[in-house]
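Below is one structure, written out as structure tokens, with a few remarks after it.
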Amino acid sequence: MQRPMLVLPLCLGLCACQSENPYRAESVPLPPAPAQADHTLDLSAYPPAPLDFARYRTWSWLAPPTGTGELSAEQVLQILGSGLEQHGLRQARPGQAADLQARAELRVEQRLYQSYDDYGGWYGYGHHHWHDHYGLYGQVPVVRTYRRPVLVLRLDLIDAGSGQQVWSGVGEAGGYADRSTETLRQATRNALERFPPN
């Protein structure tokens, strides 16, 4: 007689689960695609094509750089122009349209450097044929701080047709105060080391 009493609560629970759900899934249909969508190529979905640097043959100054203390403007123009020519870029003649425009920035930075030296002696016990001896050994680090001028060159190349910057390089070289022209040549080589990019 107890079995029907157990079945009745189960039946009531199942009936409650089968009641109508008040939440309904509804969706708004998507609008139709525009008529020109079938014929339009979305270039933003693709990476830009790599630049062909072989088509750049000539260059001109966007704004000629000025001298920096030890270097005159003529020396700067000559050294930078020679560096660009070594990488296959010739300076355009006056009145001739160039493929690239160059912009250069020179500055001298005072950098702090440190050197470490160890000074000391020896301490210990040793035996000799005629006598014993003692000694002391220790190291004392000596730190020296000094300033060194460093020439920093930033060189930008801009597509003359589009006005977009297509390449930029930075080069540094020390020893500016002693041999300024050779320092600029080294900084130019360092700046153009990765031109043209692979």
SASA check, W59, accessible area w/ 1.4 Å probe, all protein chains in place, rounded to nearest 10 Å², comes out at 0 Å²
Taking the alpha-carbon set of segment 44-115, what are its Rg and Dmax in Å? 16.9, 53
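The values are calculated or read from the model by the stated rules, or taken from the named source; none is laboratory data. Note that the structure is predicted; figures quoted are calculated from it, not measured. SASA here: full protein model, heavy atoms, side chains in, ligands and nucleic acids out. Shrake-Rupley method; radii C 1.70, N 1.55, O 1.52, S 1.80 Å.
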